[in-house]
Amino acid sequence: GENVEQHPSTLSVQEGDSAVIKCTYSDSASNYFPWYKQELGKRPQLIIDIRSNVGEKKDQRIAVTLNKTAKHFSLHITETQPEDSAVYFCAAPQPGYSTLTFGKGTMLLVSP
Amino acid sequence: NAGVTQTPKFQVLKTGQSMTLQCAQDMNHEYMSWYRQDPGMGLRLIHYSVGAGITDQGEVPNGYNVSRSTTEDFPLRLLSAAPSQTSVYFCASSKNRGLGTGELFFGEGSRLTVL
């Protein structure tokens, strides 16, 4: 089945800096890669996703890049703000696309 | 739309007790799932369902049962609670054909403590 590795496990940045979180996956047939944000005590929510027919997708200050050859995808947050502080999870589908496998998460702390 | 609703939000059990976590969605989603979240372990899939009457095991199914008698409801049963089942449980649903093809909508979570 799919194996998803996420790094780093924690990331501290100053407000205004950029943050990058990287995930690797094992199944070369996977073609859907979402990112979820979970604020403290809240539910995970989808913030951006990418499908394998594109290499990059942007939504305001966040972007996701995909390298299918190397089997990794990354979340980029520019001009970070304190409200970006949260745990971020990447995910990839299991073979057959019946389920998602999540990475272990990255705790992002943005200091004012 | 209420989205995905879970009850209870908090529960304390003693070892060996049984209980059911309720999950209901009003979005007419075919696909529903249960995840548990433990510190440093991410979200791990317990059981999932691709439609009424159809369920399957995820990564960590032991000690849990599910059923899907209606499209709306997907309860998770703990048969004999153990301290290792202390966790935060999330129910999630998806309208897409397969939970691995589109957005998951999560409930607010249920925090379970087993003493």
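The values are calculated or read from the model by the stated rules, or taken from the named source; none is laboratory data. Note that the structure is a prediction, hence the values are computed from the model and not measured. Because the Cβ atoms are built from the backbone with ideal geometry, glycine has one as well, and the counts that use them run over all protein chains shown. Side chains included, ligands, DNA and RNA excluded: accessible areas come from the protein's heavy atoms. Shrake-Rupley method; radii C 1.70, N 1.55, O 1.52, S 1.80 Å.
Can you give me the long-range amide H partners of B:Gly3? Hydrogens built in the peptide plane at 1.01 Å from N, cutoff under 5 Å, separation of 5 or more residues or another chain.
Sorted by chain and number, the residues that satisfy this are B:Asp26.
Run the dipole for the protein assembly as shown about the Cα centre, Lys and Arg Cβ at +1, Asp and Glu Cβ at -1, nothing else charged, and hand back the magnitude in debye, nearest 20.
On the way: 20 positive and 21 negative charges, 76 e Å.
Result for the protein assembly as shown is approximately 360 debye, rounded to the nearest 20.
Need one value for B:81-92: mean number of C-beta atoms belonging to other chains within 10 Å of its residues' C-beta atoms.
1
With an 8 Å Cα cut-off and a minimum separation of 6 or more residues, compute the relative contact order for region A:27-77 in percent.
Working: 78 pairs, mean separation 13.5, N = 51.
Once divided by the residue count of region A:27-77, the mean separation gives 27 percent.
Count the lysine pairs in chain A whose Cα atoms sit under 20 Å apart, keeping only pairs 8 or more residues apart in sequence or on different chains.
The result is 15.
How would the protein assembly as shown be classified by its alpha-carbon gyration tensor: rounded, prolate or oblate, with rounded meaning a/c under 1.5 and the a/b versus b/c comparison settling the rest?
prolate
Could you grab the Rg to Rh ratio for region A:1-57? Cα atoms only, Kirkwood for Rh. Mind dumping the intermediate values first?
Details: Rg = 13.4 Å, Rh = 13.6 Å.
With Rg and the Kirkwood Rh in hand, the quotient comes to 0.99.
If you average the C-alpha positions of region A:12-75 and of region B:1-37 separately, how far apart do those two centres end up, in angstrom?
After rounding, the separation between the Cα centres reads 27 Å.
Return the inverse of the average 1/r over all pairs of distinct C-alpha atoms in region A:33-99, which is the Kirkwood hydrodynamic radius, in Å to one decimal.
Final number for the Kirkwood radius of region A:33-99 is 12.9 Å.
Hey, what D do you get for chain A in µm²/s if you plug the Kirkwood alpha-carbon radius into Stokes-Einstein at 4 °C and 1.567 mPa s? If you can, show how the numbers build up before the last one.
Numbers: Rh = 14.0 Å.
It comes out at roughly 92 µm²/s.
Computed on protein heavy atoms with a 1.4 Å probe, what is the summed buried accessible area for the chain pair A and B, in Å² to the nearest 100?
What A and B bury together is about 1600 Å².
Send over a whole-number figure in Å² for the accessible area per residue of region B:43-115, probe 1.4 Å.
Working: 3070 Å² over 73 residues.
Averaged over the residues of region B:43-115, the accessible area is 42 Å².
Under 20 Å from the 7 Å Cα→Cβ point of B:Thr70, by amide nitrogen: which residues of region B:14-51?
It comes to B:20-34, B:48-51, nothing else.
Write down the percent of antiparallel bridges among all DSSP beta bridges whose residues are both part of the protein assembly as shown, to the nearest 5.
For the protein assembly as shown, the DSSP antiparallel bridge percentage is about 90.
Normalised by the residues of chain B, what does the relative contact order come to in percent, with Cα pairs under 8 Å and at least six apart?
For chain B, the relative contact order is 35 percent.
Assign unit charges at the C-beta atoms only (+1 for Lys and Arg, -1 for Asp and Glu), then state the dipole size of chain A relative to its Cα centre in Debye, rounded to the nearest 20.
So the magnitude is around 280 debye.
Percent relative contact order of chain A, based on C-alpha pairs within less than 8 angstrom and at least six residues apart?
After rounding, I find 37 percent.
Rounded, prolate or oblate: pick one for chain B, where a ≥ b ≥ c are the square roots of the eigenvalues of its C-alpha gyration tensor, a/c under 1.5 means rounded, and failing that, prolate if a/b is larger than b/c, else oblate. Can you show the working numbers first?
Numbers: a/c = 1.68, a/b = 1.64, b/c = 1.03.
It is prolate, given that a/c is not under 1.5 and a/b is the larger ratio.
Let me confirm one metric for peptide A:39-46, namely the mean number of other chain beta-carbon atoms within 10 Å of its residues' beta-carbons.
Whole-number average of other-chain Cβ neighbours for A:39-46 is 5.
Got a sec? Charge dipole of chain B, +1 on Cβ for Lys and Arg, -1 for Asp and Glu; which of B:Phe74, B:His29, B:Val50 is way out at the positive end?
The one lying farthest along the dipole's positive direction is B:Phe74.
Between A:Glu83 and A:Lys58, what length in nm is gained on full extension when 0.36 nm per residue of separation is reduced by their alpha carbon distance?
This chain segment gains 7.1 nm when fully extended.
Considering every residue in B:7-19, what mean count of other chain Cβ atoms within 10 Å of its Cβ is obtained?
Per residue, the average neighbour count from other chains is 0.
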